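Read the structure below first, then the notes.
The values are calculated or read from the model by the stated rules, or taken from the named source; none is laboratory data. Keep in mind that this is a model prediction, so the values were computed, not measured. Cβ sites come from the backbone with ideal geometry, for glycine too, and all protein chains shown count toward neighbours.
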C-alpha cells in the first residue's frame, strides 16, 4: 500500500490502521484525514478485508485536532491529498465493513469524534475521554454531528460546555463506547471481537451498515420505506440463502460475499 506520513496500515482479514504520531499524541489534521480517507478507500475495495481496526500508537488514541495545521495542509507522503473531517466521517460511514476503534489511551476533542465515528468501540479501562475544546476557547463543531447521534443532546452539551474528562466506565455508561476491558487484555479482547465480526456475511454486513447510516437521518416513515427496500436486497443475497440453509441443516455457513 501507499507509504503514509501519519498513519500505518496493515492488511489482512482484520486490517489495522494506526495513527502514528505518538510524540504529538496522534493529532487529527488535514494530512491525517486525507491519509485515512485514502487508506479506508483501499481497504474498502480489498475483498480480503472483512474488518478494520483503528487505534493509536503510543500512550494515546488521539488527543484531538492538530492546532498547528488548522489553517490548512499540503499533500501528505505519496501525494495523498489532504481532507476534511466531513470527507473522513462520510467515508467511514460508507465503507461497508465494520470499523472498530481500539482505544488504548486518551480520546479527546477531535480524537473523541473520530472514535465515535467508528462502528464499535472497545477501550482500555485506563483510557480517558472528553470534548476539551472549550478549555482553549474553541467549540467542537465538526464532531457534534457524530456525538449527538450517539448519546443525545443533553449529554453532548454537558460534555461540550464543561470540557470535563470521563473515565472509561463513565464513557461506557454514557453510550460513547461499547466495551471496557483491562488495558493488558485490550489486544486479546479486540481480536476476539473482530474475529467474530469477520465471520459474518460480508455482503449482509455491507448492506446493513450502509442502510443503518443512511436511514438514521431520515424521518420515521421515509426511513421505514427505505429500509423496506433494503430488506428486499438482503433477502435476495446468495449469502442469505446460504445462511438459512446452513441454519436448517445445522452446519456452518460458507459465505460467498454476494
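In the condition set (1) touching a residue at least 12 places away in the same chain (Cβ under 8 Å); (2) over 17 Å from residue 120 (Cα atoms); (3) not assigned by TED's automatic domain parsing to the domain that holds residue 129, residue 235 is compliant with all but (1). The set of residues from the stretch 1-20 being over 27 Å from residue 192 (Cα atoms) and either surrounded by fewer than 21 Cβ atoms within 10 Å (Cβ to Cβ) or within 15 Å of the chain's Cα centre (by Cα) (or both) comprises 2, 3, 5. Within the stretch 67-89, not a single residue is modelled with pLDDT of 95 or more, within 26 Å of residue 193 (Cα to Cα), touching a strand residue (DSSP E or B) at 6+ places or on another chain (Cβ under 6 Å) and assigned by TED's automatic domain parsing to the domain that holds residue 167. Restricting the search to helices (runs of 4 or more DSSP H) fully inside the stretch 158-228 and requiring at least 1 residues that are closer than 22 Å to residue 44 by Cα gives 186-198, 202-215. A single member of 95, 121 is within 25 Å of residue 41 (Cα to Cα), crowded, with 22+ Cβ neighbours inside 10 Å, at pLDDT 95 or above and in contact with a helix residue (DSSP H, G or I) (Cβ under 9 Å, 6 or more places away or on another chain), and it is 121. Taking the criterion of being surrounded by 11 or more Cβ atoms within 10 Å (Cβ to Cβ) and free of Cβ contacts under 8 Å to residues at least 40 places away in the same chain, the residues of the stretch 208-221 that qualify are 208, 211, 212, 214, 215, 218.
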